[in-house]
Amino acid sequence: MSAPCTIATAPYDDQKPGTSGLRKRVTRFQEPNYLENFVQSVFDCLEGYAGATLVVGGDGRFHNDIAIQTILKMAAANGFGRVLVGEGGLLSTPAVSHLIRKNEAFGGIILSASHNPGGPDGDFGIKYNGANGGPAPESVTDAVYARSRIINAYKIVDTDDVDLSGLGKTKIGNMVVEIVDSVADYAQLMTQLFDFEAISALFKGGFGFRFDAMHAVTGPYAKEIFVRQLGAPARSVINGEPSPTFGGGHPDPNLVHAKLIYDEAMMPDGPHLCAASDGDGDRNLIIGRQCFVTPSDSLAVIAANAHLAPGYADGLAGVARSMPTSGAVDQVAHAEGMPMFETPTGWKFFGNLLDSGDITICGEESAGTGSSHVREKDGLWAVLMWLNILAVRKQSVAEIMDSHWAKYGRNYYARHDFEEVDAKGAGDLMNSLEAQLPKLSGHETPAGTIQSADMFAYYDQFDGSVTEGQGIRLLFANGSRIVYRLSGTGTVGATLRVYIERYEAKDGALDLKTEEALAPLIVLSRELAGIDRFTGRSAPDVIT
Ligand code: VG1
Ligand code: CO
């Protein structure tokens, strides 16, 4: 009992972390030593954790329970002194980030495939976060991948599973396992940032609110914060019981998978605010009554109004967005005299800017928004921010959007995803487009003149790292933009993402339907890249 042992293993060659950790089919993770190899590769690339604290939790998807037991036993065998684990193994991604920071832990391990479906035939994922609470930078993930290709042994304690069903402390060998309340510390942090009194008063006044937890990790958080602490009616939270299969659904808070609340919000007498989060609680969907807010616009509105929330009353140091995210937040930064940074896709690239204090708020077009309160994007935080803004401004979401566009102009925006296409075809498409870049600059099109065309690369001024190949950008003289990149989170084939944007200044056409506003650019985006030809697809699978 409790004896650490070293087990011989042979490497797998597919453990390269993508945009947000290692994601594969559950069946892959069930193969002998697959998880063990990755976890040991992570530990082998870290230094100085003897006796230190590790935070571990996941979104409750199928295989979460089994993976956590393995990780606990491996952490003990590798010499960690203490592991904090959420009750029942549950912790949202932002809650892990907060626990790492609050407890000055060495780092944390998050088990999730985020918005990907779960269940025996679904996806699983694992990610390492460092002492700042954020996803490990590429220098670490690259080293982990290199290690995973030569690993030949891992360490584990041979012992019984730990019962995670109640709070308390136990031990594996010399390591303390502390089972903590999944929600309490995170909820406490939210009370420090937002005006809970004003939001409670909003609910008391009959404000209609619906939050879809999608049978994922945010259910318990939403019930505690919205219902118990803020007094929203219990029916405000739907699908609030976490389930290993997400109730058979797909925990992606987009207009396809969160259609229920979208339809409800579109009714003339629907809720004033509908919202949803994803599998691991880091994304957010915001829909006002008859007013869908694109995530890029949401970021801009939050940047322009955050000072209305107590935690941000002193204003923002600066803002950042991932490259494909629309320029709506750029307009706010410009008008308000704030620095704005453009980073590659993936939250890990915001870490250094948040740590240095150069930015306070950042976001991605993929329904991710967050701030310096943690080092992950944070779904419930974004919903609370909107509630706080609505409570103070006493206007509807539609009124807030109209006044925002009237002040800063409007960035019409859509993302078209071509999912599970042939990986070679998608690669060829990107290569062919890249080869055309020199001649695309200055090219005149029915949607305007392309002013510059390049492959985005990012220089991180803090650690000196350069990240290349982050997507092709076509920037038009009139402010429009088309961006192409391949997803780094899929588990089957390739997913081509095409991001389409058109800017209208504040005295321009602000009331168009997005499809109309973008129509010429959409046609062009297909033609220029030869999407039909390379992928055999004439239409995207998902438009967000
Ligand atoms: C997608 C999004 C990206 C996000 C990433 C992780 O990546 O586009 O913005 O950071 O998912 O989000 P990709 O490489 O598939 O485009 V989550 O909620 O999975 O942690
Ligand atoms: Co997520």
Inset, instruction - Would you check which residues across the range 466-480 are assigned to a strand (DSSP E or B), within 19 Å of ILE522 (Cβ to Cβ) and open to solvent by 20 Å² or more (accessible area, probe 1.4 Å) and list them? - result: ARG473, LEU475
Inset, instruction - Scan the range 453-470 and report the pairs whose first residue is over 17 Å from ASN352 (Cβ atoms) and whose second residue is open to solvent by less than 80 Å² (accessible area, probe 1.4 Å) and of a type in the set (Ser, Thr, Tyr), with Cβ atoms within less than 7 Å and a gap of 6+ or a chain change. - result: ALA453/SER441
Inset, instruction - With the condition kept exactly as written, say whether any residue in the range 36-52 is in a helix (DSSP H, G or I) and of a type in the set (Val, Ile, Thr). - result: yes
Inset, instruction - Would you mind telling me which numbered condition in (1) in contact with a Gly (Cβ under 9 Å, 6 or more places away or on another chain); (2) within 23 Å of TYR412 (Cβ to Cβ); (3) within 16 Å of ligand 1 (Cβ to nearest atom) THR294 fails? - result: (1)
Inset, instruction - Search the range 372-391 for residues that are within 14 Å of ALA303 (Cα to Cα) and pair each with any residue that is polar (S, T, N, Q) and away from ligand 1 (no atom under 16 Å from the Cβ) when their beta-carbon atoms are under 6 Å apart and the residues are at least 6 apart or on different chains. - result: SER372/THR360; ILE389/ASN305
Legend entry - Filtered residue count, the range 92-120, keeping only those that are part of a loop (DSSP other than H, G, I, E, B), closer than 27 Å to VAL256 by Cβ, open to solvent by less than 10 Å² (accessible area, probe 1.4 Å) and not hydroxyl-bearing (Ser, Thr, Tyr): 2
Inset, instruction - Would you check which residues across the range 245-296 are part of a loop (DSSP other than H, G, I, E, B), aliphatic (A, V, I, L, M), open to solvent by 10 Å² or more (accessible area, probe 1.4 Å) and touching a residue at least 40 places away in the same chain (Cβ under 8 Å) and list them? - result: LEU255, VAL256
Inset, instruction - Looking only at the range 400-413, count how many residues are out of contact with any helix residue (DSSP H, G or I) (no Cβ under 8 Å at 6 or more places or on another chain) and surrounded by fewer than 19 Cβ atoms within 10 Å (Cβ to Cβ). - result: 3
Inset, instruction - From the list ARG228, ARG210, pick out the single residue that is part of a helix (DSSP H, G or I) and of a type outside the set (Asp, Glu). - result: ARG228
Inset, instruction - Please determine, by comparing only the residues of the range 326-352 that are without any contact (Cβ under 8 Å) to a residue 60 or more places away in the chain and open to solvent by less than 20 Å² (accessible area, probe 1.4 Å), which one is nearest to the chain's Cα centre (by Cα). - result: VAL329
Legend entry - Subset tally (residues that are hydroxyl-bearing (Ser, Thr, Tyr) and in contact with a helix residue (DSSP H, G or I) (Cβ under 8 Å, 6 or more places away or on another chain)) for the range 75-102: 1
Inset, instruction - Name every residue in the range 121-134 that is in a strand (DSSP E or B) and either open to solvent by 10 Å² or more (accessible area, probe 1.4 Å) or of a type in the set (Asp, Glu) (or both), in order of residue number. - result: ASP123, LYS127, TYR128
Legend entry - Residues that are farther than 17 Å from LEU72 by Cβ and surrounded by 20 or more Cβ atoms within 10 Å (Cβ to Cβ), drawn from the range 38-50: SER41
Legend entry - Pairs, first without any contact (Cβ under 8 Å) to a residue 60 or more places away in the chain in the range 168-179, second of a type in the set (D, E, K, R), C-beta under 6 Å, six or more apart: LYS169/GLU178
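Look through HIS373, HIS416 and report the one residue that is surrounded by fewer than 24 Cβ atoms within 10 Å (Cβ to Cβ), more than 13 Å from the chain's Cα centre (by Cα), more than 16 Å from ligand 2 (Cβ to nearest atom) and not assigned by TED's automatic domain parsing to the domain that holds PHE194.
HIS416
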Legend entry - Residue among THR514, THR449, THR491 that is among the β-branched types (Val, Ile, Thr), in contact (Cβ under 8 Å) with a residue 24 or more places away in the chain, open to solvent by 30 Å² or more (accessible area, probe 1.4 Å) and over 30 Å from TRP405 (Cα atoms): THR491
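Name every residue in the range 20-32 that is surrounded by fewer than 18 Cβ atoms within 10 Å (Cβ to Cβ) and either within 25 Å of the chain's Cα centre (by Cα) or in contact (Cβ under 8 Å) with a residue 24 or more places away in the chain (or both), in order of residue number.
Of everything in the range 20-32, those that are surrounded by fewer than 18 Cβ atoms within 10 Å (Cβ to Cβ) and either within 25 Å of the chain's Cα centre (by Cα) or in contact (Cβ under 8 Å) with a residue 24 or more places away in the chain (or both) turn out to be ARG25, THR27, ARG28, GLN30.
For the range 137-180, which strands (runs of 3 or more DSSP E) that fit wholly inside it have 3 or more residues that are open to solvent by less than 30 Å² (accessible area, probe 1.4 Å)?
153-158, 175-180
Each row is one residue, and each column tells you yes or no for (1) in contact with a helix residue (DSSP H, G or I) (Cβ under 6 Å, 6 or more places away or on another chain); (2) within 22 Å of SER97 (Cα to Cα); (3) basic (Lys, Arg).
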site	(1), (2), (3)
LEU164	no, yes, no
GLY173	yes, no, no
VAL180	no, yes, no
PHE207	no, no, no
ARG210	yes, no, yes
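The values are calculated or read from the model by the stated rules, or taken from the named source; none is laboratory data. Bear in mind that the values here come from a model prediction, so they are computed numbers and not experimental data. When we count neighbours, we look across all protein chains shown, and the Cβ atoms used for this are built from the backbone with ideal geometry, even at glycine. Heads up: the accessible areas ignore ligands, DNA and RNA and are worked out on the full protein's heavy atoms, side chains in. Shrake-Rupley method; radii C 1.70, N 1.55, O 1.52, S 1.80 Å.
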